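Visitor: So that we are looking at the same thing, I have put the structure below in structure tokens.
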Protein chains: 2
Amino acid sequence: MISMKQIATICDVSVPTVSKALGNRPSVNPQTRQRILKVAEQFNYRPNALIRGIQSGRTMTVAVACNRIDDPFGAQVMQGVLGGLHQNQFECLLFNWDQSVRDGKRILQIIGERRVDGLILLPPEQIPSAEYMTELRTFHRPIVIVDQTFADQTFNFVGTDDGPGIEAIVQHLTQFGHQQIGHLYNDTVSTGQIRANALTRALAQLGLTIPQAWSRPVVGDFDDSYVQATAILSQNARPTALVCFNDHVAMGAHAAAYDLGLSVPRDLSITGFADLPEAHTMRPALTTVNQNVPQVGQRAVELLVEKIEQGEQGSQESQTIRLPVELVVRDSTAPAPGSLLENTSGFLKVDEPLSTL
Amino acid sequence: MISMKQIATICDVSVPTVSKALGNRPSVNPQTRQRILKVAEQFNYRPNALIRGIQSGRTMTVAVACNRIDDPFGAQVMQGVLGGLHQNQFECLLFNWDQSVRDGKRILQIIGERRVDGLILLPPEQIPSAEYMTELRTFHRPIVIVDQTFADQTFNFVGTDDGPGIEAIVQHLTQFGHQQIGHLYNDTVSTGQIRANALTRALAQLGLTIPQAWSRPVVGDFDDSYVQATAILSQNARPTALVCFNDHVAMGAHAAAYDLGLSVPRDLSITGFADLPEAHTMRPALTTVNQNVPQVGQRAVELLVEKIEQGEQGSQESQTIRLPVELVVRDSTAPAPGSLLENTSGFLKVDEPLSTL
């Protein structure tokens, strides 16, 4: 890789002349400019983005604070974020948000130091404190928060329309004759609160409630979900369907049912939320709500780029975008045991072959 | 965030004096230095990493070229990479390698422009051409390649010891009486070639071979694995065990068996390779080889940092590190149907409850 100084030596001109020629600024003799550009191309000159960043005030880099990158939901968001950044020719400086929350203010320090053009915050594992979020406000570049909102937040936000997703699940389950419904909820995060409220409301409209014994909090990981689902399903009176906070929780519930010798969906219907790849690959495949997760990431980038391009001229009001969701019916839901629907032929998508062994 | 110029104005000194004081360089009056440091702290001054990068030749940033970030294997590697970079106080500039391969030389252009201190290459989806890899050699900073090697490569490499993993699987299956073994292999990647050769060799030592009808190539994704497994398992004569290239392929095989009405592990044992989180969460849980994937990523960072710190003083010879693996026996393997072992009580960890429904 050749430097500007080397180009200057080869072309027998000064470094400022090379800099002007490469920067397409005036006051360079056209023939000299041609000569300089040719040498630059021939020897594979690459502009120094660090210097360019200082000159333009733009680094074409966006900082992305993520949760564990191996969390399947976060990874799906990231796939969309990376695609969006690539399309907009931004690069991605990636941080582990949780590590940074533990370390204090490190993110802000680093994004301040590196002069990134904006910041995208994926859902963290540990909810950041109000002080932490207030501190983030001192970062005078656009910020977009993805999926989870935090108390009193006034940041730009891209997430999904959780309520209608839950309503679709309730409609689906009750059409299948389910009235005894259990719930694994996560009320520590905003999406969990919205979904739990939507479930209570939608059931109430049908005159249904969830008994306390069938309603258990989960933090969202597999092992915890497995334990809580086991607690519900080991009772003498079991629900016929379990509504789970998300796909991951549903996987825990599925494993618990399997290990208790219950057949899904014959004995128990299970629903998720997200539509991660595993919902399609697990058996029985999971009935869930498709959040179009990568598109959430992509949309977050688009909003951020819009804000970056508007700069201080743009509206300083923060924007909230919620993408629509869609129910995806697969094989983990079926008519409630004992319901009139149960024996309707062609209606069941259960593990028929297994049962005839 | 205050600038050096603003500090200079407040303290009534020149900008170079502020710069010297903050950089802890001599020839600044100690009282003036104190005053400058106090103002810098008070107004939350942050050094500009771009300028520091130009001055020091180090940016404390490592470029990481990844496959799809939502690929569970890649995400596990990334988790280790991010942890390692965090420990070593490096930041991560993240690229999508496949997009860059499609776009031509973009990675090299960007890492050249940004003056990153090193490069980590995760396994790509599309095998890069020999020209592409040769081109990478013109990047005069350390490079570490993870998991997959490429023809004629002489880069630093961190991966796992694939052969012994396959030998452990063969030993496990044959101890369970399996002699009719099928194989879903991926010979487009180096790990797949090593594992396939190890399987053939280990079986040959026991006088066993895999009939051609039970040996099928897969590219590694779920849908393709599902199709290939279905092709093997739909034959009149079926294998009693399927050795799969990796966990993802094993999930495809599991779904195929399930949809054909076969019970795993009663009718068919299945093995994976990697030990992704799904191996633990799926039912039956997957017998597989633990590659300790995050540790591979972590080790790659350690090797890279070593090379960065040695600089041009260090050995220019590339290093190859292969981490040991371990067989993890779960519930997807059991004695072969019809083998003497099959009815040994307490030996079976099968889905007993399901079968009695």
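The values are calculated or read from the model by the stated rules, or taken from the named source; none is laboratory data. Quick caveat, the model's predicted, so the values are computed rather than measured. Neighbour counts run over all protein chains shown; Cβ positions are idealised from the backbone, glycine included. Accessible surface is based on the protein model in full, side chains and every heavy atom, while ligands, DNA and RNA are left aside. Shrake-Rupley method; radii C 1.70, N 1.55, O 1.52, S 1.80 Å.
Visitor: Could you give P(r) for the stretch A:79-213, binned at 10 Å from zero, as whole percent values over all Cα-Cα pairs?
Guide: Percent of Cα pairs in each bin: 10, 34, 25, 18, 11, 2.
Visitor: In nm to one decimal, list the spacings between the B:Gln310 label point and its equivalents in the other copies, with label points set 7 Å along Cα to Cβ, shortest first.
Guide: Result, one decimal in nm: 5.2.
Visitor: Dividing the convex hull volume of the Cα atoms of chain A by its residue count, what figure in Å³ per residue is obtained? Write out the running numbers ahead of the final one.
Guide: Working: hull volume 64.5 nm³, N = 357.
Hull volume over Cα atoms, normalised by residue count, gives 181 Å³.
Visitor: Among the listed pairs A:Lys307/B:Lys307; A:Lys307/B:Lys5; B:Lys38/B:Lys307; A:Lys5/A:Lys307, give every one whose C-alpha distance is greater than 31 Å.
Guide: Working: A:Lys307/B:Lys307 40 Å; A:Lys307/B:Lys5 27 Å; B:Lys38/B:Lys307 38 Å; A:Lys5/A:Lys307 37 Å.
Correct reply: A:Lys307/B:Lys307; B:Lys38/B:Lys307; A:Lys5/A:Lys307.
Visitor: Two decimals, Cα atoms only, Kirkwood Rh: what is Rg/Rh over the protein assembly as shown?
Guide: 1.03
Visitor: Okay, moving on. Using alpha-carbon positions, what is the distance between the centroids of the stretch A:165-218 and the stretch B:204-270, in Å?
Guide: Each part reduced to its Cα centre gives a spacing of 39 Å.
Visitor: A follow-up question, please. B:Glu317 accessible area, nearest 10 Å², 1.4 Å probe?
Guide: Accessible area of B:Glu317: about 140 Å².
Visitor: Using the alpha-carbon atoms, what tilt in degrees (0 to 90, nearest 10) does helix A:293-310 show relative to the longest principal axis of chain A?
Guide: Helix A:293-310 and the main axis of chain A meet at about 30 degrees.
Visitor: In sequence order, what are the phi-derived ³J(HN,Hα) couplings for the stretch B:120-125 according to the Karplus relation 6.51 cos²θ - 1.76 cosθ + 1.60 with θ = phi - 60°, rounded to whole Hz, with x for glycine and proline?
Guide: Calculated HN-Hα couplings, in order: 10, 10, 7, x, x, 7 Hz.
Visitor: For B:Val219, which inter-copy label distances result when the label point lies 7 Å beyond Cα on the Cα-to-Cβ vector, reported in nm to one decimal and in ascending order?
Guide: 4.0
Visitor: How far apart are the B:Pro26 label points across copies, placing each 7 Å from Cα toward Cβ, in nm, shortest first?
Guide: Values, ascending and in nm: 4.8.
Visitor: For the stretch B:4-47, give the magnitude of the charge dipole about the Cα centre (Cβ charges: +1 Lys/Arg, -1 Asp/Glu; no others), in debye to the nearest 20.
Guide: My answer is approximately 100 debye.
Visitor: Explain nothing, just the number: dipole magnitude of chain B about its Cα centre with +1 on each Lys and Arg Cβ and -1 on each Asp and Glu Cβ, in debye rounded to the nearest 20.
Guide: 1660
Visitor: Still on this structure, please answer the following. Where the only charges are on Cβ atoms (+1 Lys, Arg; -1 Asp, Glu), what is the dipole of the protein assembly as shown about its Cα centre, to the nearest 20 debye?
Guide: 3020
Visitor: How many times 2.2 N^0.38 Å is the alpha carbon radius of gyration of the stretch B:166-250?
Guide: The reported ratio for this selection is 1.01.
Visitor: Can you give me the convex hull volume of the Cα atoms of the stretch B:4-47, divided per residue and expressed in Å³?
Guide: Values: hull volume 2.6 nm³, N = 44.
Normalising the Cα hull of the stretch B:4-47 by residue number yields 59 Å³.
Visitor: Using helices alone, what [θ] at 222 nm do you get for chain B, with -39,500 (n - 2.57) per DSSP H run of 4 or more residues, divided over all residues and rounded to the nearest 500?
Guide: -13000 deg cm²/dmol
Visitor: Expected output is a single nm value to one decimal: the length gained when fully extending between B:Gln180 and B:Leu206, i.e. 0.36 nm times separation in residues minus the C-alpha distance. What is it? If you can, show how the numbers build up before the last one.
Guide: Working: separation 26, 0.36 × 26 = 9.36 nm, distance 1.24 nm.
Fully extending the segment from B:Gln180 to B:Leu206 adds 8.1 nm.
Visitor: Just to confirm my numbers, what's the Cα centroid distance between the stretch A:120-144 and the stretch B:278-309 in Å?
Guide: 30
Visitor: Counting only protein heavy atoms and a 1.4 Å probe, tell me what percentage of chain B's accessible area is made up of carbon and sulfur. Could the numbers behind the result be given before it?
Guide: Values: 7600 of 15600 Å².
Ligands and nucleic acids excluded, carbon and sulfur give 49 percent.
Visitor: Additional query: Answer with one residue from B:Ile127, B:Gln193, B:Val116: the one whose Cα lies farthest towards the positive end of the charge dipole of the stretch B:99-201, charges on Cβ with Lys, Arg +1 and Asp, Glu -1.
Guide: The listed residue farthest towards the positive side: B:Val116.
Visitor: Now a separate question. Put +1 on the Cβ of every Lys and Arg and -1 on every Asp and Glu Cβ in the protein assembly as shown; which of B:Leu303, A:Ala334, A:Ala213 then has its Cα farthest towards the positive end of the dipole?
Guide: With unit charges placed on the Cβ atoms, the residue in question is B:Leu303.
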